[in-house]
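Data block below; observations after.
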Amino acid sequence: MIETFAALAHGMAVAMQPMNLLYALIGVFLGTAVGVLPGIGPALTVALLLPVTYKLDPGGSLIMFAGIYYGGMYGGSTTAILINTPGESASMATALEGNKMAKAGRGGPALATSAIGSFVAGTIATIGLAFLAPWLVDFAVRFGPEDYFALMCVAFVTVSATFGDSPVRGLTSLFIGLTLGLVGIDKLTGQARLAFGIPELLDGVEVTTLAVGLFAVGEALYVASRRHHAEEKLEPVRGSLWMTREDWRRSWKPWLRGTLFGFPIGALPAGGAEIPTFLSYSTERRLTKHPEEFGRGAIEGVAGPEAANNASAAGTLVPLLTLGLPTSATAAMMLAGFQQYGLNPGPLLFAERPDLVWGLIASLFIANGMLLVLNLPLVGLWVRLLAIPQPWLYAGILVFATMGTIAAKPSVVELSMLAAFGVMGFLMRRFDFPIAPVVIGLILGPIAESQLRRALAISLGDPLVLLQSPMSATLLGIALIALLAPFALRGLGRFKANED
Amino acid sequence: MRSENLPHAPARHVDRAGIVIAAALAVLAAVLVWDASKLASTTMYGMGPEAMPIVIAIGLVILAAGNLIDALRGNLPPRESMDPKPVWLIIGGLALLIAIIGFGGGFILATSALFVTTSAAFGRRAVLADTAIALVITTLIYLAFDKLLTLSLPAGPLERLL
């Protein structure tokens, strides 16, 4: 306890340095500005802004990242409320009620309850992160390579199969990511895999190239292909920006309940903020004293899911920082941000670079506070960004997306890969394959492989080592159940349907 | 891909696109096995570099079968009609960008080409005006990144004038 406070105070001292405050401010500002653009979720926001941080030192860059991360989340909910195009599925519940509120001229209070709710949830969840992390780190230092491998199997399965629409399509996405993760020089033997004699491929597939290709280029192609369908309509913010006493009274409980859903589910290696946001939405719908307003713009339906969304975002940082395990596309991009400095999150990083980790956690608090102060007064500016005509908006997004790759590696091969991943992202959207598992597979696949090989090398090739460690055996069991459960449940569902 | 023109096709209908996807996954698995077969296994204990590609290839074959079953049963989610022209315009813009970078035309020309084609793909017809806007924006980006953040972006004839 006391150590946590001391570490956090030290982190605050790092984060409060004027230069770091400036980085946090720039991050928050850029994150909101990019996140507010329609169709751009937090993962893409982080991927697009990664090149901006190339020249900073790791500390400053991670602090800017914290700002971008939270800023992207805030920006996404603004878009969901004002034009009903959630940039990611976690904002869908917000769009449900928030857009109805905006149509009814209550856009101001909807934005306010989502901003304040995000602040409340983000702060509570970051406190949770600060206290849970050291405890998990103590636990994680005892992990052997086989335990890590088993943990990653759980993450693979839950991210791709258990909670998606179709386990087959989710696993297909994961395996495409795992295949991409094989490309390049094998770290243990120095042999090239899947490089086909192309020197640029020896370094492997760049996570940012994959993410920007799949998310930005893929999204632009997809939106362009169905432009002839309904145009999205921007709701102007009319009336007061502020919440009435009644709005406050109806918002505070949903905020807290949303946080309670969001943080624990986000912290589990299960991935995704969709489940807590929808749990929160249905709970608020059941508990409300104004059931007639649901579906027509109930403030509880914005306050709860928005809080759940932000709390789970902070929750995903728990496995990311303590175990190096990203469970969402955004967390995978954060991991890429660490890796560009050769840093690997996990128990070791807490011991070796406490200033970095605790500086990052402390700047999450600061970024959250900055967003609350910035967002409500600046909402007019964000609304104007939303009004950029679609042709220029997507043209600008693509210029910015390719610029990141051009700045990192201005080669024809790298740019062709970006374009190819863009086409792949388009096809995946069209045929309804989830995208996050590809990114997770690319980033976690090589780590899982090297842990497994390390475990087998230590055991002199005996595969039973995976079952001898109780931790690893339990985790592999969980992974197996999580893999088979959706198939079993689907079979059960069909069985029932036949009986009827 | 002919079924794309029928957004409300009957649910139980063989999906050709799904069969193509399943075939692509099987081909990918074959490439993995072929590539792994060329690796020398040098590890004494445990797994060599060729083990993981084989495991992933087996997974891909199983998933290809799963996708094939979904396609044959017509279990794929319904798709909306699509307009292929803007997609090809943007892909053409990306190809143009890659060519200009490859032949040393520089950042400004390359990204301007992408800007104009994308904006045309989204329905803009004012190509000259968009070209002017694109040149101004990309020049500003170039200056900001090259001079302020000292990131080196590829220089062509236009960049050398700055």
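The values are calculated or read from the model by the stated rules, or taken from the named source; none is laboratory data. Everything quoted here is computed from the prediction, not taken from an experiment. Every residue, glycine as well, gets a Cβ built from its backbone with ideal geometry; the counts of neighbours run over all protein chains shown.
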- [ ] Please give the number of the condition residue B:70 fails out of (1) within 8 Å of chain A (Cβ to nearest Cβ); (2) farther than 22 Å from residue A:228 by Cβ; (3) without any contact (Cβ under 8 Å) to a residue 40 or more places away in the chain; (4) assigned to a helix (DSSP H, G or I).
- [x] (3)
- [ ] Identify all residues within the stretch B:96-110 that are assigned to a helix (DSSP H, G or I), more than 7 Å from chain A (Cβ to nearest Cβ) and in contact with a helix residue (DSSP H, G or I) (Cβ under 8 Å, 6 or more places away or on another chain); write none if there are none.
- [x] B:96, B:100, B:108, B:109, B:110
Open item on the list: Restricting to the stretch A:182-220, name every residue that is touching a residue at least 60 places away in the same chain (Cβ under 8 Å) and more than 30 Å from the chain's Cα centre (by Cα).
Closed with: A:188, A:198
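Looking at A:128, A:105, can you tell me which residue is of a type outside the set (A, V, I, L, M), in contact (Cβ under 8 Å) with a residue 40 or more places away in the chain and in contact with a Phe, Trp or Tyr (Cβ under 6 Å, 6 or more places away or on another chain)? Give the steps one after another, and end with the answer.
Details: A:105 fails: in contact with a Phe, Trp or Tyr (Cβ under 6 Å, 6 or more places away or on another chain).
When all the criteria are applied, what remains is A:128.
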- [ ] Please list, ordered by first then second residue, the pairs with beta carbon atoms under 6 Å, 6 or more apart or interchain, first in the stretch A:396-416 and closer than 24 Å to residue A:37 by Cβ and more than 7 Å from chain B (Cβ to nearest Cβ), second among the hydroxyl-bearing types (Ser, Thr, Tyr) and surrounded by 20 or more Cβ atoms within 10 Å (Cβ to Cβ).
- [x] A:405/A:209
- [ ] Only residues that are surrounded by fewer than 16 Cβ atoms within 10 Å (Cβ to Cβ), closer than 18 Å to residue A:169 by Cβ and either in contact with a strand residue (DSSP E or B) (Cβ under 9 Å, 6 or more places away or on another chain) or facing another protein chain (nearest Cβ under 7 Å) (or both): list them for the stretch B:73-95, please.
- [x] B:77, B:80
- [ ] Taking residue A:272 as meeting all but one of (1) in contact with a Lys or Arg (Cβ under 6 Å, 6 or more places away or on another chain); (2) surrounded by 22 or more Cβ atoms within 10 Å (Cβ to Cβ); (3) at pLDDT below 85, write down the number of the exception.
- [x] (1)
- [ ] Using the structure shown, decide if residue A:381 is within 23 Å of the chain's Cα centre (by Cα) and assigned to a helix (DSSP H, G or I).
- [x] no
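Determine whether residue A:458 is aliphatic (A, V, I, L, M), farther than 14 Å from residue A:269 by Cβ and in contact (Cβ under 8 Å) with a residue 24 or more places away in the chain. Don't jump to the end; show me each part of the working.
On the way: aliphatic (A, V, I, L, M): yes; farther than 14 Å from residue A:269 by Cβ: yes; in contact (Cβ under 8 Å) with a residue 24 or more places away in the chain: yes.
Against the criterion (aliphatic (A, V, I, L, M), farther than 14 Å from residue A:269 by Cβ and in contact (Cβ under 8 Å) with a residue 24 or more places away in the chain), residue A:458 qualifies.
Kindly indicate which of B:155, B:113 is touching a helix residue (DSSP H, G or I) at 6+ places or on another chain (Cβ under 8 Å), outside any helix (DSSP H, G or I) and more than 8 Å from chain A (Cβ to nearest Cβ).
So the residue among B:155, B:113 that is touching a helix residue (DSSP H, G or I) at 6+ places or on another chain (Cβ under 8 Å), outside any helix (DSSP H, G or I) and more than 8 Å from chain A (Cβ to nearest Cβ) is B:155.
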Open item on the list: Looking at A:33, A:43, A:7, can you tell me which residue is under 16 Å from residue A:401 (Cβ atoms), surrounded by fewer than 24 Cβ atoms within 10 Å (Cβ to Cβ), among the hydrophobic types (A, V, I, L, M, F, W, C) and touching a Phe, Trp or Tyr at 6+ places or on another chain (Cβ under 9 Å)?
Closed with: A:33
TODO: Just need a number here: residues in the stretch B:16-37 that are modelled with pLDDT under 90 and more than 9 Å from chain A (Cβ to nearest Cβ).
DONE: 2
